[in-house]
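Inspection log for the structure reproduced underneath, given as structure tokens.
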Amino acid sequence: MRQSQLFTKTLKESPKDEMAKNAELLIRAGFIYKEMAGVYAYLPFGIRVLEKIKQIVREEMNAIGGQEIIMTTLQRKELWEKTNRWDDKKVDVWFKSQLKNGTDVGFGWSHEEPITNMMRTYLSSYRDLPAYVYQFQTKLRNELRAKSGIMRGREFVMKDMYSYSLDEETHQKFYDGTKDAYMRIFERIGLGQDTYITFASGGAFTQFSHEFQTITNAGEDTIFINREKHIAINEEVINNKILKELNITKEELEKVKTAEVGNIFNFGTSKCEKLGLYVAGKDGKKTPVFLGSYGIGITRLMGVIVERFADDKGIVWPESVAPFDVHLVSLCRETTDITKVDMLYKQLCAEGIDVLYDDRDARVGEKFADSDLIGIQTRIVVSPKTLGQGKVEVKKRTEDIVNLIDLNTIHTCINK
């Protein structure tokens with residue numbers, strides 16, 4: 001991608017009403033556009049990051065047997081009434097409307113009810129189980145406060161997966177396996193060392209849940225951790241009984257601010273019973289199905305990554321989710337030199353390296369500042385001086401060391 005052809009531009013200042021660091025930097029760097037509080041559009045750079053996060057999540061969900069679908073955003077009132085989650089006193093984040101014919105509808109904040117109802121069409125026998133489905137879906141939640149940028153939006157992208165199992169043993173095995181898959185995801189996107197599994201309240205979902213909390217001062221949650229034992233407990237559920245079960249004292253725990261990046265819920269058979277999802281067991285008798293629900297906030301993860309790694313110059317993307325592999329910055333102005341840089345750009349692209357090419361007619365300082373703000377790990381700088389030596393400068397985003405690399409071997413120092 002050539003920067004001269006981008007319709008977006010970096011900004012020196014973010015919107016005056018934006019308080020969250022993640023949104024400030026993402027807006028300034030051209031990844032997102034703020035429509036209103038808690039509602040953001042995703043621009044070409046932002047889409048690239050989201051798609052890389054989604055692909056990592058997709059690979060891990062497929063690896064444990066998940067099958068990808070996509071459901072509707074519009075929700076039928078009667079389904080949610082069956083589980084007592086249509087009432088605003090029970091679930092206070094609904095966006096609701098009416099069709100032209102007066103039918104009440106909601107806009108999906110979660111999908112346990114419609115997916116479970118759909119499964120009644122396809123699951124009828126024990127032979128059909130287990131079944132695991134997931135989607136990447138835009139969720140709408142009427143949050144009272146949306147002040148954390150893309151870490152808490154009123155409109156956001158979520159990966160939500162649902163497991164349907166014949167018995168508790170099969171269900172629990174998959175539930176535990178999903179914990180491992182989630183930790184692999186967070187490890188791959190660069191948050192593994194700072195992310196903990198915690199026991200928490202289930203809120204509008206179930207009585208209890210497991211959350212995946214990442215340490216960041218921008219988080220809205222508080223947990224107590226022991227880094228050595230990798231133990232974490234949510235502030236809302238910590239008590240002497242839990243401490244005793246974990247064989248740990250409160251004095252051994254460190255209080256930290258965190259952001260919830262994932263959660264999993266165990267519904268047992270209650271949800272399927274309410275919605276009429278039964279299958280014929282091996283003995284021919286009708287039996288309810290065990291349901292689990294597993295969420296990861298895709299856009300929230302993007303915000304957490306920014307909060308966790310950004311420095312005073314701008315964003316710092318882990319290589320696995322960066323919008324490009326390389327930022328190629330040209331300082332050349334003569335036609336013959338520009339032609340050489342263009343050839344390097346085409347060569348790198350031909351080798352499968354994803355390149356952002358700063359070919360703009362802009363000041364050197366502006367180009368370097370924009371490169372730092374955008375946050376791609378590897379920067380290649382080409383100037384008339386280095387071209388004359390048959391070399392380029394290569395620098396990592398978080399390092400001060402600049403290496404002179406021969407043009408013919410440049411691809412060897414790039415991690416694809």
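Quick note: the coordinates plus some simple rules give every number you see, no bench work behind them. No experiment lies behind these values; they were computed from the predicted model shown. Don't worry about glycine lacking a Cβ; one is built from the backbone with ideal geometry, like all the others, and counts go over all protein chains shown.
Filtering Asn22, Asn62 for residues that are in a helix (DSSP H, G or I), under 19 Å from the mean Cα position of the chain (by Cα), within 30 Å of Gln172 (Cα to Cα) and not aromatic (Phe, Trp, Tyr) leaves a single hit, Asn62.
Matching residues to (1) under 16 Å from the mean Cα position of the chain (by Cα); (2) crowded, with 19+ Cβ neighbours inside 10 Å; (3) in a loop (DSSP other than H, G, I, E, B):
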site	(1), (2), (3)
Lys173	no, no, no
Tyr182	yes, yes, no
Glu187	yes, no, no
Phe199	no, no, no
Ser209	no, yes, no
Glu228	no, no, yes
Glu251	no, no, no
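Pairs meeting the criteria (first residue in the stretch 176-190 and under 18 Å from Phe265 (Cβ atoms), second residue among the polar types (S, T, N, Q) and buried (at least 22 other Cβ atoms within 10 Å of the Cβ), beta carbons under 9 Å, at least 6 apart or on different chains) are Thr178/Ser163; Tyr182/Thr195; Met183/Thr195. When Leu50 is tested against (1) in contact with a Phe, Trp or Tyr (Cβ under 8 Å, 6 or more places away or on another chain); (2) assigned to a helix (DSSP H, G or I); (3) farther than 24 Å from Ala181 by Cβ, only condition (3) is not met. Reported count of residues in the stretch 97-120, each being outside any loop (DSSP other than H, G, I, E, B) and either touching a residue at least 60 places away in the same chain (Cβ under 8 Å) or aliphatic (A, V, I, L, M) (or both), is 8.
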